[in-house]
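Only the coordinates and a few stated rules stand behind these numbers; no lab work does. A quick note: this is a predicted structure, and the numbers were derived from the prediction, not measured. Using ideal geometry, Cβ is built from the backbone for each residue, glycine included, and neighbour counts are taken over all protein chains shown.
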Ligand SMILES: NC(=O)c1ccc[n+]([C@@H]2O[C@H](COP(=O)([O-])OP(=O)(O)OC[C@H]3O[C@@H](n4cnc5c(N)ncnc54)[C@H](OP(=O)(O)O)[C@@H]3O)[C@@H](O)[C@H]2O)c1
């Protein structure tokens, strides 16, 4: 099968790499061509535009930063949606908001394309190891058809419901990650201001009952101050923003999410946007 893949950032490059190592043929495009160099060297076909990816793709996967990037790639003059057609399948694994996923599903239908929103749980290391979990919204038959590809890139699928339900659950997950990381950073700032050492705090808290398990994977970053991004802070801010936007649409008050999103925005303005989101700790402790 010819698989089209658009969006070769931290996550997409690794997901595409697994597809390239499978029996499928891979056609890739990324706004910045440099990021496709390794994939091309290992046998992927480069396409100059998203539309060119769609010309030969049987299934097309997008893994892009945010809704604006997805919409532009799908629907701009050289977008893929007008070319894919023929009842083919578009899988959007980007983290976007549910109403946007539903809008893309409608656009796909209007272009005779089937659609799945299939964001992922897991980060850079899980993408590298092929153990991402796909959280999916869309038709059950389409999920079944795509399952072999999800199994190549990951190690599990959850079919949540109709279009937009995958991104619904994904936003809940990321809001919880964002707020837990921020409140942990705030607690650390308090502890350190009282003279408890960073080492003492991390050793007592991480792995204990009051801190979520994911924090264990961030401990080394906090200790070393090396925030090489697994999940860029700017995209975490984007996800909390999308959660609050969605809460507005469903009339759900999210006072903590609104405070959290502003905190991450302040950290972006202080220069932490491209660092891992755990750099919120440095922002909170003034390091
Ligand atoms: N990293 C994680 O841990 C993680 C985990 C789960 C989900 N996600 C989600 O996965 C998606 C990708 O994240 P990532 O970590 O791989 O981020 P990334 O490394 O920053 O990659 C972002 C991708 O989007 C492209 N892009 C950005 N703006 C664009 C635009 N205006 N037009 C066209 N392309 C554009 C980038 O192209 P360029 O290369 O040209 O910049 C790149 O391919 C995001 O939705 C993120 O929230 C990330």
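Assorted remarks:
- Residue exposure proxy: 181, 63, 254, ordered by other Cβ atoms within 10 angstrom of their Cβ from fewest to most, comes out as 254, 181, 63.
- Separation between Cα centres of the stretch 103-130 and the stretch 135-194, rounded to whole Å: 12 Å
- Fully extended contour minus Cα-Cα distance, from residue 151 to residue 1, at 0.36 nm per residue: 52.5 nm
- Take the Cα of residue 287, go 7 Å toward its beta carbon, and the backbone nitrogen atoms of the stretch 239-270 under 17 Å from that spot belong to 267-268, 270.
- Fraction of beta bridges assigned by DSSP in the chain that are antiparallel (%, nearest 5): 15 percent
- Maximal additional length on extending the residue 22-residue 180 stretch stands at 53.2 nm, based on 0.36 nm per residue less the C-alpha distance.
- Summarising the label geometry, the points placed 7 Å from Cα in the beta-carbon direction at residue 72 and residue 40 lie 2.0 nm from one another.
- Residue of 242, 26, 256 that the Gaussian network model of the chain assigns the largest fluctuation, springs spanning Cα pairs under 10 Å: 256
- MRE, 222 nm, helices only [DSSP H, n ≥ 4, -39500 (n - 2.57), over the chain, to nearest 500]: -15500 deg cm²/dmol
- Among 168, 93, the ranking by other beta carbons within 10 Å of each residue's beta carbon, starting with the fewest, stands as 168, 93.
- Fully extended contour minus Cα-Cα distance, from residue 129 to residue 86, at 0.36 nm per residue: 12.1 nm
- Acute angle (nearest 10 degrees) that the helix 165-193 long axis makes with the longest principal axis of the chain, alpha-carbon atoms: 20 degrees
- Rounded to the nearest 10 degrees, the angle from helix 98-110 to the longest Cα principal axis of the chain is 10 degrees.
- Relative to the longest principal axis of the Cα atoms of the chain, helix 140-153 runs at roughly 60 degrees.
- Simple spin-label estimate for residue 32 and residue 220 gives 2.4 nm between the two label positions (7 Å along the Cα-to-Cβ direction from each Cα).
- Each of 269, 14, 31 was scored by other Cβ atoms within 10 Å of its Cβ. Arranged with the fewest first, they read 269, 31, 14.
- Label-point separation, residue 158 to residue 247 (7 Å along Cα→Cβ), nm: 2.0 nm
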